[in-house]
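Novice: Here's a structure for you.
Read-outs throughout are calculated quantities, based only on the coordinates presented, and are distinct from any laboratory measurement. Here the structure is a predicted model, which means the values were calculated and not measured. Every residue, glycine as well, gets a Cβ built from its backbone with ideal geometry; the counts of neighbours run over all protein chains shown.
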């Protein structure tokens, strides 16, 4: 086992999507739409105080994303905290904010994550890379329409 440690990091990712804020927001709020770009939820209760739990595998390990929704303003913002586990090991805890701003006929999405990476089991650059992939995949859902 690695020596105990904590690494803090904050990153911001911005995207502009060719859809109105209500449609981009719905891609986060509706589990059927969200499953097109984010791992399908085992549990999905999109409301303040609700949870979202997803499980996925990578290189033989099972990863669990366990989120708690803290603030939701339809079409404007989502704030949630989440923990990430690899098998039975807690690898991180994060606070994420998703903001949706109208920009003409498009939406500017700003995703901010403040993360705590535990015991060198996860790295901020891995999370940033993963979020970039997810947000690019989200963008594909609007191009397919």
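Novice: On the basis of being within 19 Å of residue 130 (Cα to Cα) and within 14 Å of the chain's Cα centre (by Cα), does residue 62 make the cut?
Specialist: Against the criterion (within 19 Å of residue 130 (Cα to Cα) and within 14 Å of the chain's Cα centre (by Cα)), residue 62 does not qualify.
Novice: Can you name every residue in the stretch 127-145 that is in contact with a helix residue (DSSP H, G or I) (Cβ under 7 Å, 6 or more places away or on another chain) and either assigned to a loop (DSSP other than H, G, I, E, B) or under 11 Å from residue 15 (Cα atoms) (or both)?
Specialist: Answer for the stretch 127-145, where residues must be in contact with a helix residue (DSSP H, G or I) (Cβ under 7 Å, 6 or more places away or on another chain) and either assigned to a loop (DSSP other than H, G, I, E, B) or under 11 Å from residue 15 (Cα atoms) (or both): just 138.
Novice: Starting from the stretch 67-91, take each residue that is at positive phi and list its partners that are in a strand (DSSP E or B) and loosely packed, with under 15 Cβ neighbours inside 10 Å, counting only C-beta distances under 6 angstrom and pairs at least six apart or across chains.
Specialist: 87/61; 87/62
Novice: So residue 9 ticks every box in (1) in contact with a helix residue (DSSP H, G or I) (Cβ under 6 Å, 6 or more places away or on another chain); (2) within 17 Å of residue 141 (Cβ to Cβ) but one. Which box is left unticked?
Specialist: (2)
Novice: Here's something else I'd like to know. I'd like the full set of residues that are surrounded by 16 or more Cβ atoms within 10 Å (Cβ to Cβ) and not in a strand (DSSP E or B), limited to the stretch 88-126.
Specialist: The answer is 119, 121, 122, 124.
Novice: How about the stretch 51-87: which of its residues are closer than 26 Å to residue 106 by Cα and in a loop (DSSP other than H, G, I, E, B)?
Specialist: Answer for the stretch 51-87, where residues must be closer than 26 Å to residue 106 by Cα and in a loop (DSSP other than H, G, I, E, B): 74, 75, 76.
Novice: So how many residues does the stretch 19-50 have that are assigned to a strand (DSSP E or B) and surrounded by fewer than 15 Cβ atoms within 10 Å (Cβ to Cβ)?
Specialist: Result for the stretch 19-50: 2.
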